[in-house]
Amino acid sequence: MITLYHCDAARSFRPLWMLEEMGLSYELKMLPFPPRVFAKEYLALNPLGTIPFMIDGETKMTESSGICHYLGTRYAPTPLMVDVEDPAYGAFLNWMYFSDATLTFPQTLVLRYTQHEPDQRNNKVVGDYAKWFLGRLRAVEAATANAETLCAGRFTAADIVIGFALRLAETTGLAKEFGPNVAAYWARLQQREGYIRAVAAERKAAVEQNVAARVRA
Ligand SMILES: N[C@@H](CCC(=O)N[C@@H](CS)C(=O)NCC(=O)O)C(=O)O
């Protein structure tokens, strides 16, 4: 059984969405945010204190896009992955890495200096990294100009990991700055049954485990 530790609306949503798209069985464990403050016992399991944290037998992982890659290859075959021989392989991998390193990192600075640490609000950081994020989003705007998905002519794990960065932009308030192609692409992603199931699983687990929803990244 795969176990996934998750905080409401956090990056651990990537593997949760992947699990739902693949139809794999899993146990979802909700934590209050940030776990290092409100669930100190979690540090014994994951010394980083971050989420996601996934356990699959002997395997333990903490990188949200990496976990999606792992699930897609470990539980292959799935159309969510792109083969090494496929001409779209490079583009696929690029989106997989771009998702957290380039599109999530700047948003975490925006969140930190607006919502997480309002006493230390830093308008320069917020302004600079909002602009950074929106600048890098031009790659998604271009890729979705004439295509329903990012690569390989179908929905893949790349759409899941990039899709989460767009979901996070709802929290950071940057979604209202999306260009027309990104806005339409994000609307399409939210209509996917796998996405809807993942959101429902997140809500159900939060209620059952009595963990309140909060803003995080
Ligand atoms: N690069 C990692 C980042 C993991 C991460 O920093 N997660 C954030 C939440 S989205 C976290 O756990 N923050 C709590 C903390 O730093 O204490 C990934 O993609 O999963």
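Can you find a residue that is at pLDDT 95 or above, among the charged types (D, E, K, R) and more than 9 Å from the ligand (Cβ to nearest atom) anywhere in the range 9-16?
no
With respect to Tyr42, determine if the residue is among the aromatic types (Phe, Trp, Tyr), in the same structural domain as Ala9 (by TED's automatic domain parsing), touching a residue at least 24 places away in the same chain (Cβ under 8 Å) and part of a helix (DSSP H, G or I).
Working: among the aromatic types (Phe, Trp, Tyr): yes; in the same structural domain as Ala9 (by TED's automatic domain parsing): yes; touching a residue at least 24 places away in the same chain (Cβ under 8 Å): yes; part of a helix (DSSP H, G or I): yes.
Here the answer is yes, as Tyr42 does meet what is asked.
Kindly indicate the residue of the range 46-66 that is in a loop (DSSP other than H, G, I, E, B) and among the charged types (D, E, K, R) and also nearest to the ligand (Cβ to nearest atom) among those meeting that condition. Explain how you work it out, then say what you get.
Taking the range 46-66 as the starting set, the residues that turn out to be in a loop (DSSP other than H, G, I, E, B) are 46-52, 57-58, 62-63.
Right, trim to among the charged types (D, E, K, R) and you get 58, 63.
Details: Glu58: 20, Glu63: 5 Å.
For the range 46-66, the residue satisfying everything is Glu63.
From the list Glu85, Glu27, Glu20, exactly one residue is more than 17 Å from Ala165 (Cα to Cα), in contact with an Asp or Glu (Cβ under 9 Å, 6 or more places away or on another chain) and at pLDDT 95 or above. Which is it? Outline the logic, then answer.
Numbers: Glu85 fails: in contact with an Asp or Glu (Cβ under 9 Å, 6 or more places away or on another chain); Glu27 fails: in contact with an Asp or Glu (Cβ under 9 Å, 6 or more places away or on another chain).
From the options Glu85, Glu27, Glu20, the qualifying one is Glu20.
From the residues in the range 100-110 that are touching a Lys or Arg at 6+ places or on another chain (Cβ under 8 Å) and either near the ligand (Cβ under 8 Å from one of its atoms) or outside any helix (DSSP H, G or I) (or both), which one is farthest from Val125 (Cα to Cα)? I'd like the intermediate steps shown before the answer.
Quick first cut of the range 100-110, residues touching a Lys or Arg at 6+ places or on another chain (Cβ under 8 Å) only: 100, 102-104, 106.
Then drop every residue that is not either near the ligand (Cβ under 8 Å from one of its atoms) or outside any helix (DSSP H, G or I) (or both), which leaves 100, 102-104.
Working: Asp100: 19, Thr102: 16, Leu103: 16, Thr104: 15 Å.
Top of the filtered list is Asp100.
Residue check: is Tyr113 surrounded by 17 or more Cβ atoms within 10 Å (Cβ to Cβ) and either at pLDDT 95 or above or part of a helix (DSSP H, G or I) (or both)?
Working: surrounded by 17 or more Cβ atoms within 10 Å (Cβ to Cβ): yes; either at pLDDT 95 or above or part of a helix (DSSP H, G or I) (or both): yes.
When the stated conditions are applied, Tyr113 passes them.
Those residues that are closer than 16 Å to Asp128 by Cα and surrounded by 22 or more Cβ atoms within 10 Å (Cβ to Cβ), I need them from the range 89-105; list them, please. Can you show your working first?
The first filter runs over the range 89-105 and keeps only residues closer than 16 Å to Asp128 by Cα, leaving 102-105.
Listed by number, the residues that qualify are Leu103, Thr104.
Go over the candidates Pro15, Pro32 one by one and state the one that is surrounded by 17 or more Cβ atoms within 10 Å (Cβ to Cβ), of a type outside the set (Phe, Trp, Tyr) and touching a residue at least 60 places away in the same chain (Cβ under 8 Å). Please lay out each step first, then the result.
On the way: Pro15 fails: touching a residue at least 60 places away in the same chain (Cβ under 8 Å).
So the residue among Pro15, Pro32 that is surrounded by 17 or more Cβ atoms within 10 Å (Cβ to Cβ), of a type outside the set (Phe, Trp, Tyr) and touching a residue at least 60 places away in the same chain (Cβ under 8 Å) is Pro32.
Starting from residues that are within 16 Å of the ligand (Cβ to nearest atom) and farther than 15 Å from Pro15 by Cα, keep the ones in the range 175-211 and report whichever is farthest from the chain's Cα centre (by Cα).
Val211
The values are calculated or read from the model by the stated rules, or taken from the named source; none is laboratory data. Please read all numbers here as calculations on a predicted model, not as lab measurements. Quick reminder, even Gly has a Cβ in these numbers, built from the backbone with ideal geometry, and neighbours come from all protein chains shown.
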